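> There's a structure below that I have some questions on.
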Amino acid sequence: MVDIPDSHPRKASLLARQSMTEAAARGLLAESAMIAHGRGEAFDYLLGERTIDSAASAISEAASRLRNAESPVISVNGNTVVLAGEDLVRLAAIIECPIEVNLYYRTSERISGLLSLLHEQREAVSSGTPPDGWLGDWKKRVLSVDILGADADDRIPGLEGPRSLCCANGIGGADVILVPLEDGDRCEALVALGKQVLVIDLNPLSRTARKATVTIVDEVSRAASELVVGALTGGNPSEWNNEECLKDALNAMMANQLNAF
Ligand code: PTJ
């Protein structure tokens, strides 16, 4: 592990790269995970590596929808567990929903490796400090978070092969799903089932970003930490205009870069 000084302007990005590299060496990531990560980094660079106002609004909207859902679930893949697992465990504890490991490039080794990492993260979060504003028995609540994915007993209709597998008591039965870094086909298939699909994707042009119910155009670890805050403070869902949110993100990227000259 290379020691990166606090003064380094891109410390967070470099630490994320280290975590991804280590996770890849442990076999937890898809072979193309770094390509996906690099694409995300490029868009984050354009954004100025910050949470823009429209993303903050999307985060509040997503938090409200999760709070108001009947059967919410947080779906996680390799990149997401490595970059934002602990905050998503916190979010699941507050919302009282399960987390499901659901992979695009599914192998039994990766599923069990990611489930083990999530169990470790749940243990660490349960003995850590509760988020500001939390009232109650934090440890008990965190340890009650169900971590699903081992027994995929359901399928997402409209998708071929192993990527359609899911859990009936997770994604299969959910009305609202938070899916960071989702692929376009699966996002579309979930929306077609009448589910609300809340995504986190730095690329506002991706098919996922355009098909989702609410798109948070932000880096997954920043967004997950703000979702924890939003889940403890959030209000009611609104009439959400996702297209406006995507246009705002594109404008923010262009304005940010043009201002650099
Ligand atoms: O773990 P698996 O098998 O489920 O595979 C996960 C990946 C991410 C490899 C797989 O889902 C994939 O190939 O994804 P895509 O189709 O490349 O899409 C990833 C999207 O996430 C792209 O639009 C990226 O811009 C975006 N992205 C990448 N890193 C981040 C991100 N968005 C937010 N935060 C990031 N750190």
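The values are calculated or read from the model by the stated rules, or taken from the named source; none is laboratory data. The structure presented is a predicted model; accordingly, all values stated were derived computationally and were not measured. No Cβ is skipped: glycine too gets one built from the backbone with ideal geometry, and neighbour counts run over all protein chains shown. Quick note on the areas: whole protein, heavy atoms, side chains included, nothing else; ligands and nucleic acids left out. Shrake-Rupley method; radii C 1.70, N 1.55, O 1.52, S 1.80 Å.
> Would you confirm, using the coordinates I've provided, whether D218 is within 13 Å of the ligand (Cβ to nearest atom) and open to solvent by 20 Å² or more (accessible area, probe 1.4 Å)? Break it down stepwise before answering.
On the way: within 13 Å of the ligand (Cβ to nearest atom): yes; open to solvent by 20 Å² or more (accessible area, probe 1.4 Å): no.
The answer is no for D218.
> Follow-up. When the residues of the stretch 175-205 are filtered to those that are among the small types (G, A, S) and open to solvent by 20 Å² or more (accessible area, probe 1.4 Å), which remaining residue is farthest from E160 (Cα to Cα)? First the steps, then the outcome.
Here is the first cut: in the stretch 175-205, the ones among the small types (G, A, S) are 184, 189, 192, 194.
Then keep just the ones that are open to solvent by 20 Å² or more (accessible area, probe 1.4 Å); that gives 192, 194.
Values: A192: 15, G194: 19 Å.
Going through the qualifying residues, I end up with G194.
> Next question, about the same structure. Residues in the stretch 1-49 that are modelled with pLDDT of 95 or more, more than 10 Å from the ligand (Cβ to nearest atom) and not in a helix (DSSP H, G or I): how many?
Within the stretch 1-49, residues that are modelled with pLDDT of 95 or more, more than 10 Å from the ligand (Cβ to nearest atom) and not in a helix (DSSP H, G or I) number 2.
> While we're on this one: Could you please give the count of residues in the stretch 233-254 that are open to solvent by 50 Å² or more (accessible area, probe 1.4 Å), part of a helix (DSSP H, G or I) and hydrophobic (A, V, I, L, M, F, W, C)?
The first filter runs over the stretch 233-254 and keeps only residues open to solvent by 50 Å² or more (accessible area, probe 1.4 Å), leaving 233, 236-241, 243-244, 247-248, 250-251, 254.
Keeping just the survivors that are part of a helix (DSSP H, G or I) gives 233, 243-244, 247-248, 250-251, 254.
After this cut, where a residue has to be hydrophobic (A, V, I, L, M, F, W, C) as well, the list is 250, 254.
Adding up the residues that qualify gives 2.
> Read through the list (1) surrounded by fewer than 22 Cβ atoms within 10 Å (Cβ to Cβ); (2) under 17 Å from the mean Cα position of the chain (by Cα); (3) modelled with pLDDT of 95 or more, then give the number of the only condition that Y104 fails.
It is condition (3) that Y104 fails.
> Can you name the condition, by its number, that S112 falls short on among (1) within 12 Å of the ligand (Cβ to nearest atom); (2) free of Cβ contacts under 8 Å to residues at least 60 places away in the same chain; (3) over 15 Å from the mean Cα position of the chain (by Cα)?
So S112 meets the others, but not (1).
> Find the residue count for the stretch 72-101, including only residues that are open to solvent by less than 10 Å² (accessible area, probe 1.4 Å), touching a strand residue (DSSP E or B) at 6+ places or on another chain (Cβ under 8 Å) and assigned to a helix (DSSP H, G or I).
Qualifying residue count for the region: 8.
> Does the stretch 63-71 include one or more residues that are of a type in the set (D, E), at pLDDT below 95 and more than 10 Å from the ligand (Cβ to nearest atom)?
no
> So, one more: Which residue out of R186, R122, R141 is of a type in the set (D, E, K, R) and within 16 Å of the ligand (Cβ to nearest atom)?
Result: R186 is the single residue among R186, R122, R141 that is of a type in the set (D, E, K, R) and within 16 Å of the ligand (Cβ to nearest atom).
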